[in-house]
């Protein structure tokens, strides 16, 4: 069985206790560097990489205790690190003795996590155990305290940092009946979700989804419920039902373009125009924000129609005019006209004269390629001449070029 070599980890000295002040960016940068270092080592030596991952998870929370976490960025960075490092630890080819040692170190670090930053580590406990037998032993060890922590009686109920670890271990061990028994009277969604997963594993998908739906409430994550229910339906090869009920909400992402791509990737049998139409319908009043998604799918007519319906970032529209000025000048002209329209209406973030000039110049370049310069300039002139918003900023920038001043 491979053994971990001695290695001088660069991140180790950087993650001493209270190493970081209140600013989050320096800590986030070091977290990303540490994860990159561990991944690089793991590619050459899986056991050594896993040892580094365990060491990092031990040291990260004490190191960032003083960091301002109000924005959520530092917590997100740690959670991303956990998601990346857990498979490295879980897949390392080690014997039971070394894996048990790693688990004990991680459990102690989790217990001492005051903020808490590595709280989500417990959700992966079954995966970290690697073998059902080891997961079952951990479940047995944590079961009594977990039952007490989840007791319906207020005198017994309380917080136990190992509750999620116990539930995860039960699931990994295939002890679904025990899991359902432990959670029989539980309503807290982060725990109840394990009962949903257990029912699904027992082949009771419909019952699992009913339980998840019944768990919706102020303290439950609708997005998590949607994702879990979608996963259950997809695993049952019920793609159409999964799409209709959960496909859009479950795949919501940070941008509208990323959202569209996530849904299209998950449901390749669905035509992109139909997906776009459904997404647009699900966000009334925000049609313009789907311009980039439509453009990326090659739905140029739809993209322009969306950009005209509700406000769309002028900078996004200007970039489209620039990028398509030669390969699709007709589309580029309309994208540029839409950019100028929303600039005239006063929309856009931190707009400068350069933004106005860029929208105009890229639109005219596309018009030159389409051999319709005079017609396009006349359209722009009429648009700018009708400007009434504020101090008529666009008119001040383009008025002389258009013969308006």
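FYI, it's all coordinate maths here, none of it is from the lab. What you see is a predicted model, and the numbers here were worked out from it, not measured in a lab. Please note: Cβ atoms are built from the backbone with ideal geometry, for glycine as well, and neighbour counts cover all protein chains shown.
Checking each residue in region 56-106 for being surrounded by fewer than 16 Cβ atoms within 10 Å (Cβ to Cβ) and closer than 15 Å to residue 122 by Cβ picks out 83, 104, 105.
Residues in region 51-65 include none that are in contact with a helix residue (DSSP H, G or I) (Cβ under 6 Å, 6 or more places away or on another chain), without any contact (Cβ under 8 Å) to a residue 60 or more places away in the chain and farther than 16 Å from residue 118 by Cβ. Of all the residues in region 386-395, those that are surrounded by 10 or more Cβ atoms within 10 Å (Cβ to Cβ) and out of contact with any helix residue (DSSP H, G or I) (no Cβ under 8 Å at 6 or more places or on another chain) number 1. Within region 126-163, the set of residues being touching a helix residue (DSSP H, G or I) at 6+ places or on another chain (Cβ under 6 Å), part of a loop (DSSP other than H, G, I, E, B) and without any contact (Cβ under 8 Å) to a residue 40 or more places away in the chain comprises 156, 158, 160. Counted as qualifying within region 215-312 are the helices (runs of 4 or more DSSP H) with 1 or more residues that are within 27 Å of residue 123 (Cβ to Cβ) and in contact with a helix residue (DSSP H, G or I) (Cβ under 9 Å, 6 or more places away or on another chain), namely 222-235, 239-242, 256-266.
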